[in-house]
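Read the structure below first, then the notes.
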Amino acid sequence: MRFSASIVALVALVAPSLVVADDWQCNGSWNDGGLHRLSFKFDGYCEDRYGQCFLDQIRGKGLTVHNWQCWDLGNGYWQADLSTTAGLAWQVNNAIQDITGTWRGCWPNQ
């Protein structure tokens, strides 16, 4: 079967826009009493578990997580908020990277 050059070019142009990539984004941080509250949004990772895989991985880094909350934003993204000991946000970044394969460097020096 032969394809014309115009069909191949059209498929090459349209195909990347049809692929929906998994994503996650930093979403802020703030003080939470003696703890530090961290927030991030994600799409394409463990929605079937309501973000529980992130919580499991964060705890797997040895962090104590307080007040974990995760909900569907209704726009394709989920938001997760958690509180942990101040100064350990880099470990939360590491846990997220273990799941997503990407580093965002959220919450530096927090």
Matching residues, the stretch 76-110, being out of contact with any strand residue (DSSP E or B) (no Cβ under 9 Å at 6 or more places or on another chain) and surrounded by fewer than 18 Cβ atoms within 10 Å (Cβ to Cβ): 90, 94, 97, 98, 101, 103, 108, 109
Residues of the stretch 26-47 classified as within 12 Å of the chain's Cα centre (by Cα) and not in a strand (DSSP E or B), total: 4
Meets criteria (at pLDDT 95 or above, closer than 18 Å to residue 26 by Cβ and open to solvent by 60 Å² or more (accessible area, probe 1.4 Å)) for residue 55: no
Residue match in the stretch 48-56 (condition: on the phi > 0 side of the Ramachandran plot and either among the aromatic types (Phe, Trp, Tyr) or part of a helix (DSSP H, G or I) (or both)): yes
Residue within the stretch 24-36 that is modelled with pLDDT of 95 or more and among the charged types (D, E, K, R) present: no
Qualifying residue in the stretch 12-23 (condition: at pLDDT below 95 and in contact with a Cys (Cβ under 6 Å, 6 or more places away or on another chain)): no
Selection within the stretch 28-44 - touching a Phe, Trp or Tyr at 6+ places or on another chain (Cβ under 9 Å) and without any contact (Cβ under 8 Å) to a residue 24 or more places away in the chain: 28
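The values are calculated or read from the model by the stated rules, or taken from the named source; none is laboratory data. Predicted model, so just to flag it, every value in this text is computed and none were measured. Counting neighbours? That spans all protein chains shown, and the Cβs are built from the backbone with ideal geometry, glycine included. We work out accessible area using only protein heavy atoms, side chains counted, and drop any ligands, DNA or RNA first. Shrake-Rupley method; radii C 1.70, N 1.55, O 1.52, S 1.80 Å.
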